[in-house]
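Have a look at the structure below, then the notes.
The values are calculated or read from the model by the stated rules, or taken from the named source; none is laboratory data. Remember, it's a predicted structure, so these values are computed and weren't measured experimentally. Counting neighbours? That spans all protein chains shown, and the Cβs are built from the backbone with ideal geometry, glycine included. These accessible areas exclude ligands, DNA and RNA; they are computed on the full protein's heavy atoms, side chains included. Shrake-Rupley method; radii C 1.70, N 1.55, O 1.52, S 1.80 Å.
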Amino acid sequence: MTDPLSPPEDAAARRAVTPVLCYPSGTLPAPDMTLYQQARLGAEKVAEHLIAPRDAASFTVPAGQFFRISCVEGPQVGDLNLWAAADHAERFYSGKTRALHGTHLGTGDRMWSCFPYLRPMATVVDDTLAWYGTDTFGGRVHDVIGTRCDPYTQQLLTGKGYDFCCHSNLTRAYATATGCSVTEASAQVHDVLNVFMCRGFTRDTGQYFMKASPVRPGDYLELFAEIDLLGALSACPGGDCSSEHSSDTAACYPLLVEVFAPQAGALGTWRSPSGNGYCGGHGLPG
């Protein structure tokens, strides 16, 4: 029997094969960042929502407005869900966003919606943690590799229930916003943008890790709404995620969501993007 740990003679050559990007981003429709930055200069705050620690709240952002997620009292990470306001079947697709932009989002990257829509929902326009880059452990901020802490995994790993995981927080926020049942709301919660969270993969075992977020009061992530949005943000029960999440003992702080409306005419001829142009036939006769 062949020893699976014994490398073949051409092992070095196989490992040295040059990687190919799965989705070269050069043909992606690029956001007009100059236009967004100019429109933001004269924008006025029209709404704000304070997210309590270990809880979540919903908010709406019309297309063409900006929303800012801020750290206001102490280091705190948040889990963000987005839906198209007009049709909640269209929601944020973290996997495709990751494939198009990478494991972490920064200025100029976009949050893309699920199939069959696949259009930009929001564009990152400002990030006070852009300086962090990649640390020596491979950690970066604002990841789309994690899902969200949830009571099901908590039950699996510890045998105990916990109702204030980010999944449960987002479920309550969605149910409150829409008036639907908790079962319907739970099914609408999806993989998130982990705002301010610092995560990566260990170099030796490839395991998913988290570490203390570098976020501090005054830091923020700001996005431009490409379509009419319903959002929900959870202030993670892990606080800055320096030790654990789904915790009653971690120091947790609120997060602030603010919505800003540009001055009339500031966006010129900008229009909200339409849905994906694929015909939807999938090779079957119409």
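The table below lists the values:
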| read-out | value |
| --- | --- |
| Filter pass, Ala57 being out of contact with any Gly (no Cβ under 7 Å at 6 or more places or on another chain) and in a strand (DSSP E or B) | yes |
| Some residue of region 92-99 being touching a strand residue (DSSP E or B) at 6+ places or on another chain (Cβ under 9 Å), of a type in the set (S, T, N, Q), more than 24 Å from Phe260 (Cβ to Cβ) and open to solvent by less than 60 Å² (accessible area, probe 1.4 Å) | yes |
| Among (1) part of a strand (DSSP E or B); (2) touching a residue at least 24 places away in the same chain (Cβ under 8 Å) - the single one Trp112 does not satisfy | (2) |
| The lone exception for Trp83 - which of (1) open to solvent by 50 Å² or more (accessible area, probe 1.4 Å); (2) within 25 Å of Asp150 (Cα to Cα); (3) of a type in the set (Phe, Trp, Tyr); (4) outside any loop (DSSP other than H, G, I, E, B) it fails | (1) |
| Residue match in region 204-227 (condition: under 16 Å from the mean Cα position of the chain (by Cα), open to solvent by less than 30 Å² (accessible area, probe 1.4 Å) and of a type in the set (Phe, Trp, Tyr)) | yes |
| Inter-residue pairs, beta-carbon under 7 Å, first open to solvent by 10 Å² or more (accessible area, probe 1.4 Å) and in region 233-256, second basic (Lys, Arg), 6+ apart | Ser242/Lys211; Cys252/Arg54 |
| Residue within region 14-33 that is farther than 30 Å from Gly95 by Cβ and open to solvent by 70 Å² or more (accessible area, probe 1.4 Å) present | no |
| Within region 174-188, tally of residues that are in contact (Cβ under 8 Å) with a residue 12 or more places away in the chain and surrounded by fewer than 24 Cβ atoms within 10 Å (Cβ to Cβ) | 6 |
| Scan of region 59-76 for residues that are touching a Cys at 6+ places or on another chain (Cβ under 8 Å) and open to solvent by 50 Å² or more (accessible area, probe 1.4 Å), ordered by number | none |
| Residues that are under 30 Å from Leu221 (Cβ atoms), among the small types (Gly, Ala, Ser) and in a helix (DSSP H, G or I), drawn from region 4-40 | Ser25, Gly26, Ala39 |
